[in-house]
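Asks: Sharing a structure here in structure tokens format.
The values are calculated or read from the model by the stated rules, or taken from the named source; none is laboratory data. What you see is a predicted model; the values in this text were computed from it and never measured. Using ideal geometry, Cβ is built from the backbone for each residue, glycine included, and neighbour counts are taken over all protein chains shown. Please note that ligands, DNA and RNA were not included when accessible areas were found on the heavy atoms of the full protein model with its side chains. Shrake-Rupley method; radii C 1.70, N 1.55, O 1.52, S 1.80 Å.
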Amino acid sequence: MRFAPAIFLSVLFAAVCASPQSWRQRVTVTQAQQPHWINPLATTTGRLEQGFRFDVQHQHTGTGGVNNLGSGKGFKLIPAPRIELQLNLPPYLSHENPTVKDGWSDVSFNLKYRFLARPEKKGNLIFTGFMGGSAPTGQYKNGSTAASLIPTLAAGKGWGWFDVQSTLAGNLPVENVKTIGRAIVWNTAFQGHVLKRLWPEVEVNSTSWAGGAHDGKKQAFLTPGIVIGRFPMDKRVAFAFGGGFQVAATRYHASNHNTLLTFRVRF
């Protein structure tokens, strides 16, 4: 897992060299074949994207607040038709509890393959598979103790100004399973599109654990929010921003009343 960045860059270089099209032409054609929804706040879209994203979260926990700078987002590239590669920067965790050390969390990456896509006038839907992973690079217990694989399925369907995007993922540690446990993460975003650049939404974000310290527990949040954009800077470059508020909907929850902010540049 520690060689993930080098592998990512090698695959990217090979894909670029092998393609007869220019990079921008390939990206434009690939994205024209899918719906043009905007990415939700927490639910990972099945759409293929190219750009950079930086998120900030403030989480209220039982031992004090935590500021998550970066939130495990980063660079997204489309090196070939139907494929997206993500290399996410490690988030930095800043704790309000003075007894807990601040530090970097884990590096993660993701590979998407789009199985099916139809733009708005031809069905307005998408179905995509991911294979993600993380490496235990965190400092001072700010990350996991083991690498993980994260297989995911994503689907979405739109009806005019409204769409639903959903993902089902498994967080599967490759070691220390009895201590860490496995998690099933199910996120669904109900998203609208009004006044050209406004994308209001409500998300349901849930996690269930099997094994480990959280064995048998379930956690769910309701996340109302909005994303504003895309504001064009040239033919391909555009930016968007947004925010939301997470409220725990289950008795068990590791945090509550969390604030989410997102900043994005598409290129």
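Asks: Please list Trp37, Trp186 in order of solvent-accessible area, largest first, computed with a 1.4 Å probe with all protein chains present.
Replies: Trp186, Trp37
Asks: Under the classification rounded if a/c is under 1.5, otherwise prolate if a/b is larger than b/c and oblate if not, where does the stretch 102-230 fall, given a ≥ b ≥ c as square roots of the Cα gyration tensor eigenvalues?
Replies: Taking the square roots of the gyration eigenvalues as a ≥ b ≥ c, the stretch 102-230 is prolate.
Asks: Okay, next question. Run the numbers for Tyr92 and Ser22: contour at 0.36 nm per residue of separation, minus the present Cα-Cα distance, in nm.
Replies: Taking 0.36 nm per residue and subtracting the Cα distance, the gain is 21.6 nm.
Asks: Pairing the Cα long axis of helix 4-18 with the longest principal axis of the chain, what angle in degrees results, from 0 to 90 and rounded to the nearest 10?
Replies: Compared with the principal axis, the helix lies near 10 degrees.
Asks: Net charge within 14 Å of Ile83 by Cβ-Cβ distance, Lys/Arg positive one each and Asp/Glu negative one each, not counting Ile83 itself?
Replies: Local charge sum for Ile83: +4.
Asks: DSSP loop chymotrypsin sites (Phe, Trp or Tyr not before Pro) in the stretch 74-175 with at most 10 other Cβ atoms within 10 Å of their Cβ, which ones?
Replies: Trp161
Asks: Quick check for me: using +1 on Lys/Arg Cβ and -1 on Asp/Glu Cβ, what's the dipole size of the chain about its Cα centre, in debye to the nearest 20?
Replies: With Lys and Arg at +1 and Asp and Glu at -1, about 760 debye.
Asks: Which one, Thr179, Gln165, Ala240, is farthest towards the positive end of the dipole of the stretch 111-267 when Lys and Arg carry +1 and Asp and Glu -1 on their Cβ?
Replies: Result: Ala240.
Asks: Excluding Asp55 itself, what net charge comes from residues whose Cβ is under 10 Å from its Cβ, given Lys and Arg +1 and Asp and Glu -1? Let's see the in-between values first.
Replies: Working: positive: Arg53, Lys73, Arg264; negative: none.
Local charge sum for Asp55: +3.
Asks: Counting other Cβ atoms within 10 Å, keep those with at most 13, restrict to DSSP loop, and tell me which trypsin sites (Lys or Arg not before Pro) in the stretch 141-194 are left.
Replies: The qualifying sites are Lys141.
Asks: Can you give me the relative contact order of the stretch 149-253 as a percent, contacts being Cα pairs under 8 Å and 6 or more apart?
Replies: Relative contact order comes out at 19 percent.
Asks: May I ask for the distance between the Cα centers of the stretch 158-183 and the stretch 115-148, given as a whole number of Å?
Replies: 8 Å
Asks: Another question about this same structure. Using Stokes-Einstein with the Kirkwood hydrodynamic radius over Cα pairs, what translational diffusion coefficient do you get for the chain at 20 °C and a viscosity of 1.002 mPa s, in µm²/s rounded to a whole number?
Replies: Details: Rh = 19.3 Å.
Estimated via Stokes-Einstein, D reaches 111 µm²/s.
Asks: If you don't mind, another one. Helix 23-32 sits at what angle to the longest principal axis of the chain, using alpha carbons and giving 0 to 90 degrees rounded to 10?
Replies: 90 degrees
Asks: Which distance in Å, rounded to a whole number, links the C-alpha centroids of the stretch 24-103 and the stretch 192-267?
Replies: 11 Å
Asks: Here's another thing I want to ask about it. Scanning the chain for GluC sites (Glu not before Pro) in DSSP loops with at most 15 other Cβ atoms within 10 Å, what's the longest stretch left with none?
Replies: Values: sites that count: Glu96, Glu175.
Longest site-free region, per DSSP loop and neighbour criteria: 1-95.
Asks: Ok, one more. To the nearest 10 square angstrom, what accessible area does Ile184 show with a 1.4 Å probe?
Replies: Counting only protein heavy atoms, Ile184 exposes about 90 Å² to solvent.
Asks: Okay, moving on. Using Cα pairs closer than 8 Å and at least 6 residues apart in sequence, work out the relative contact order for the chain, in percent.
Replies: Worked out over the chain, it gives 16 percent.
Asks: Also: Nearest 500 deg cm²/dmol is fine: what mean residue ellipticity at 222 nm does the chain get from its DSSP H runs of n ≥ 4 alone, each adding -39,500 (n - 2.57), divided by its residue count?
Replies: After summing the helix terms and dividing by the residues of the chain, the value is -3000 deg cm²/dmol.
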